[in-house]
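Participant: Below are the C-alpha cells for one structure; questions will follow.
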Amino acid sequence: CFAIPAEASIVLYQGWMSPTRGLQHLVRAMFYLDEGMHLVLMGYGEARSELEQIVAELGLAERVHFKAAVPQAALLFWTASADAGIIPYPPIDLNNYYCSPNKLFEFIQACVPIIANDLPFLRQIVGGEGFGVVAPLTTVEDYVAAIQQMFDPQLGGPARFQARLQAGVQTYAWDVEAKK
C-alpha cells in the first residue's frame, strides 16, 4: 500500500483523528526520529487536514502515511503489519483519562506492542501486563523518547513484548471481555 522499505519500523495510530488526541505532537516527533521510522495514521477525522499540513511543513511525506479506515473484518490484518501501535490520548477529560479504547484490544489481538500515554487503565493493562511502553506523552520530546524506548535494540526492541502479548490474546479477546 505504501512505499515503506521492508527494514523500516512502523508505528501505527488507528482510529478517529481528532484534534484532541495528541496526534499533532506525534507527527512532529517523526521529524526527530531516525529516517527508518515510519508512522501510519489509519482512520478518519477532522484533524487529518491539520496533520497533513504538519507533514508537508516538516517534509515528512516519505515517512508519515495516511490510510483511510478499513472494514472491521480487515482491521487486524492491517494492524498486524505494524511494529508498534500507539495510544496517545491526552487526559483532556475523564473519558480520556480513564479510557479503554478499542484500539488497545485490537493491538493486543494483533500482537502489536503498544506505546501508551500514562493514563490509569492504559498503565494497568499495557504496563501491568507487559504489552509495551507506558510514558507521559505531553510534549514532542516525550513522544520521541517513548518511541525510541520501544525500538531500543539494547532493550530488545518491540520483540521483547511478543511473548506477553501472545499470552494475553485469549484473556483480552472480545468474547471474554463481553461477559464482563
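The values are calculated or read from the model by the stated rules, or taken from the named source; none is laboratory data. On a predicted model such as this, the values are computed, not experimentally measured, just so you know. Note that we place each Cβ from the backbone using ideal geometry, even for glycine, and neighbour counts take in every protein chain shown. For accessibility, only protein heavy atoms count, side chains too; no ligands or nucleic acids. Shrake-Rupley method; radii C 1.70, N 1.55, O 1.52, S 1.80 Å.
Participant: Could you list, in sequence order, all residues of the stretch 69-104 that are open to solvent by 40 Å² or more (accessible area, probe 1.4 Å) and closer than 19 Å to T138 by Cβ?
Facilitator: P91, I92, D93, L94, N95, Y97, Y98
Participant: What tally of residues in the stretch 69-91 results from selecting those that are over 21 Å from V133 (Cα atoms) and over 16 Å from the mean Cα position of the chain (by Cα)?
Facilitator: Here the count works out to 5.
Participant: Could you tell me which residue of the stretch 14-68 is most open to solvent (accessible area, probe 1.4 Å), considering only residues that are of a type in the set (D, E) and under 27 Å from N95 (Cβ atoms)?
Facilitator: The selected residue is E46.
Participant: Which number in (1) under 16 Å from G15 (Cα atoms); (2) surrounded by 19 or more Cβ atoms within 10 Å (Cβ to Cβ) marks the one condition that V133 misses?
Facilitator: (1)
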